[in-house]
Amino acid sequence: MSNSNNCDNCPVHNKENLIKLGLNMEQVDYVITMAGNPNTGKSTVFNNLTGLHQHTGNWPGKTVSRAEGGFIYNEKRYKVVDLPGTYSLLSTSTDEEVARNFILFGQPDVTVIVVDATRLERNLNLALQILEITDRAVLCLNLMDEAKRNNIEIDERALSKELGIPVIPASARRKEGMKELLAAIEEVAAGKYVCKPHKIKSRSIKLNNAISSLASKLAEQFPNLPNLNWVALRLLEGDNSIIEAVQSGELGSINAGDSTVQL
Amino acid sequence: MNDTHLKERENILSEANKARWDLGIDLHDTVIESIYEDASRIARKAVKQKGEKAAYALDLRIDKIVTSRWLGFPIMFLLLALVFWLTVTGANYPSGLLASFLIDYMHPILKGVAASIHMPWWLDGVLIDGAYLAMAWVIAVMLPPMAIFFPLFTLLEDLGYLPRVAFNMDSLFRKAGAHGKQALTMSMGFGCNAAGVIAARVIDSPRERLIAIITNNFSLCNGRWPTQILIASIFIGGLVPAQLASVVSAGAVVGIAVLGIFFSLVVSWGLSKSVLRGEASAFSLELPPYRPPRIWQTLYTSLIDRTIIVLWRAVIFAVPAGIVIWLVANVHIGELSLAEYFIQWSNPFAFVFGLNGVILLAYIIAIPANEIVIPTILMLTVLITGANGVGAGTGVIFELNSVGDTANILHAGGWTLLTGLNLMLFSLLHNPCSTTIYTIFKETRSVKWTVVSTFLPIVLGFMVCFFTTQIWYLFFV
């Protein structure tokens, strides 16, 4: 054992640790979700992880509802939920609501944000919004092969430092970067990597005050909710679906770890 | 206890309401702006662009051509025609092979086995002459064209051509008062209408989504392509010399598909000017970069994902339909079978529309799956003309070794070019299959709109066939 190849010992390169489970998702240890802009390759990453053949296509808006699958990695069972691609989590179209509600109410253990490396700035808009809702995420910097073709270079370390989450370069169509992605997912899921997600900096003092005042009141009502500031901001903006969730107390039903919330 | 919680929650909401007034009406914009600001700052730190975006420039050049005002549509039609031509010419030979194996070879063996175990004649008829032959027919006719058509279509999709189609079509749909993304759901409908109806979820506005759902049936689905291709080969291809036949047949099928797009636009326009009144909403469509398709992966997924799944569905529906066909052809009341009663009764009505009773009965039996229309028509035609020497006997779906044999049967059944043409039109314009109807109900949750989506196309179909027939008689008879 001690003499064996280093790569075999390193968790990152131990491919044998991945067992694709397809649709078998019983007794999962962790729930992870794939989110990102349309046409960034979420479904391709999903297929690589689960061994399923969810139809992929080169056009935005192909995935309209959630797809689910599973895999085992290092003896832990994971359930993966593939969400429809969206440009933001702000507006109220059906696909954006599916994505937002799952990240908010489904409380996945890890959210894998799949971004298009050739359109990083636009993709970061969504990534930053996701980081406001959840603090456990991994950024999959997909389509690196195309970025290279377009002479784009990305400093992953700087990006990771700014966002406060692991950043994994990948080319999912060529199955590159998947092992590293799995390792990062495991670290975040198991709590070995503690994310310090980026919070939006350029906000007025007045707005920040209003947010923290509301958030402290929300904390009394919904003590286990991890994303109080975000909920407070949505209330301030007058987001109807969130207002209803507060009014009915539905927002609190996730406190008890109740996973049967209907989305 | 609950009351105090409720009150607390109301308090939070009223505080939010009050603060919202303090923060001003442009709050939403400033929130988004600050996100964009941070995103752009982070991107500046992390991204370095070395030199030219060579590949991107090429993409732009290609897009200039395929979305250009003059070349966009011709290129679209040419690509579509190419795909059909490859399907028409490529599917014929493997179809013949499958047919001779499943029917000429396997069917007598099964009959022999049934006889040797003394199976009662009616059970043998229902199972082997009904269920088995219907299934065999569907496999022989459906599998080869699907195995060619789906991978080709998926390659176009992988390449990134579909969003360009949507881009080209957008202005037309907008003029019709519908959403530009309807071009995408329409394209999905060319594969399967049920899938197209589900895909309409990408459209946000309920009004426009409803229009997209109602008009999706005007996209010829894979269950109807074989009908179109076969009838076009017999009646349209038969008009020209043999060398031109496949090109002309493919052209005719493209013509029907384009007519479907035309109806989709006209009906969308009609709906948005009447019961679903409203303005088209704007949307942004991202033209994704062209990506070299992964040929083997595409072949694999389109074969497994689409071809096998769609074929499986067709087989599942063909088995009970085969049983029904055998029964209506073999259950007699007095002199005539049930099928003959219906056909004789409906013939006068059907002739007005240039169709016949056989076609109407076939479309009733084929409500679960359009795939079995042609087998049903052939079987019923043999039954009423009493044509001998083909097939195995009364009420048996038989296989024909060539398109020529099929043509002979239909001509014997009194079919003319007009009947063929009307069948192609009616195949485009009739009620959706039962799966699609159920999907429409699930998506709209409305009996009213499900009924509209079901009957609107069939009313249109009868109108179009009626006018075609009357004009035909005016000029050619």
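Taking N as the number of residues in region B:295-476, what is its Cα Rg relative to 2.2 N^0.38 Å? Could you put the intermediate results ahead of the total?
Numbers: Rg = 18.1 Å, N = 182, 2.2 N^0.38 = 15.9 Å.
Rg over 2.2 N^0.38 Å, computed on Cα atoms: 1.14.
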Inset, instruction - Would you mind giving the three semi-axes, in whole Å and largest first, of the ellipsoid equivalent to region B:64-222 according to its Cα gyration tensor? - result: 43, 20, 9
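When the helix-only estimate is applied to the protein assembly as shown (DSSP H runs of n ≥ 4, each -39,500 (n - 2.57), divided by the residue count), what is the mean residue ellipticity at 222 nm, nearest 500 deg cm²/dmol? It would help to have the intermediate numbers written out before the result.
Values: 32 runs with 429 residues, N = 740.
My calculation for the protein assembly as shown gives -18500 deg cm²/dmol from helical runs alone.
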Legend entry - Cα convex hull of chain B, projected area averaged across orientations, nm²: 34.3 nm²
Legend entry - Contact order relative to length of chain B, as percent, for alpha carbon pairs under 8 angstrom and 6 or more apart: 19 percent
Inset, instruction - Show A:TRP230, B:TRP269 ordered by accessible area, largest first, where the area counts protein heavy atoms only and the probe is 1.4 Å. - result: B:TRP269, A:TRP230
Inset, instruction - Provide a whole-number value for the mean count of partner chain Cβ atoms within 10 Å of the Cβ atoms in peptide A:201-209. - result: 4
Legend entry - Exposure ranking of A:ASP29, A:ASP239 by accessible area [1.4 Å probe, largest first]: A:ASP29, A:ASP239
Legend entry - Partner chain coverage, peptide A:239-251 - average Cβ within 10 angstrom: 2
Legend entry - Chains A and B together, accessible area buried on both sides, 1.4 angstrom probe, square angstrom: 6100 Å²
Inset, instruction - Sort B:411-421, A:194-204 for me by packing, meaning the mean count of neighbouring Cβ atoms within 10 Å per residue, highest on top. - result: B:411-421, A:194-204
Inset, instruction - Go ahead and run the numbers for FRET between B:LEU79 and B:SER100, Cβ-Cβ distance against an R0 of 35 Å, rounding to 0.05. - result: 0.55
Legend entry - Shielding by other protein chains, A:71-83, mean Cβ within 10 Å: 0
Legend entry - Label-point gap, in nm, between B:THR416 and A:LYS196 - each point 7 angstrom along Cα→Cβ: 8.5 nm
Inset, instruction - Check cross-link reach from A:LYS196 to the aspartates and glutamates: straight Cα distance under 17 Å, and skip same-chain residues fewer than eight apart. - result: A:ASP109, A:GLU132, A:ASP135, A:GLU156, A:GLU162, A:GLU186, A:GLU187, B:ASP38
Inset, instruction - Quick one: order B:MET135, A:MET34 from most to least accessible surface, probe 1.4 Å. - result: B:MET135, A:MET34
Inset, instruction - Pairs to check: A:LYS161/A:LYS201; A:LYS148/B:LYS50; A:LYS79/A:LYS175; A:LYS161/A:LYS199. Give those whose C-alpha atoms are more than 18 Å from each other in this structure. - result: A:LYS79/A:LYS175
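Note down the relative contact order for region B:64-222 as a percent, whole number, built from C-alpha pairs under 8 angstrom at least six residues apart. Let's see the in-between values first.
Details: 134 pairs, mean separation 31.3, N = 159.
Relative contact order here is 20 percent.
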Inset, instruction - Report the dimensions of the protein assembly as shown along its three principal axes from the alpha-carbon atoms, largest first, rounded to Å. - result: 89, 72, 61
Inset, instruction - Compute the acute angle (0 to 90°) between the alpha-carbon long axis of helix B:403-412 and the principal axis of greatest extent of the alpha-carbon atoms of chain B; round to the nearest 10°. - result: 70 degrees
Legend entry - Packing rank of A:212-218, B:230-236, where each peptide gets the mean count of other beta carbons within 10 Å, highest leading: B:230-236, A:212-218
Inset, instruction - Pick out, in residue order, every one of the GluC sites (Glu not before Pro) in region B:324-380 that is DSSP loop and has at most 10 other C-beta atoms within 10 Å; say none if there are none. - result: B:GLU335
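Where the accessible area of the protein assembly as shown is counted over protein heavy atoms with a 1.4 Å probe, how much of it, in %, is carbon and sulfur?
Details: 20220 of 32590 Å².
Solvent-exposed carbon and sulfur of the protein assembly as shown make up 62 percent of the total.
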Legend entry - Partners for B:LYS181 among lysines (Cα-Cα distance below 17 Å; same-chain residues under 8 apart left out): A:LYS62
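The values are calculated or read from the model by the stated rules, or taken from the named source; none is laboratory data. Since this is a predicted model, take the numbers as computed values, not measurements. Note: ideal-geometry Cβ built from the backbone for every residue, glycine included; neighbour counts use all protein chains shown. Accessible surface areas use protein heavy atoms only, side chains included; no ligands, DNA or RNA. Shrake-Rupley method; radii C 1.70, N 1.55, O 1.52, S 1.80 Å.
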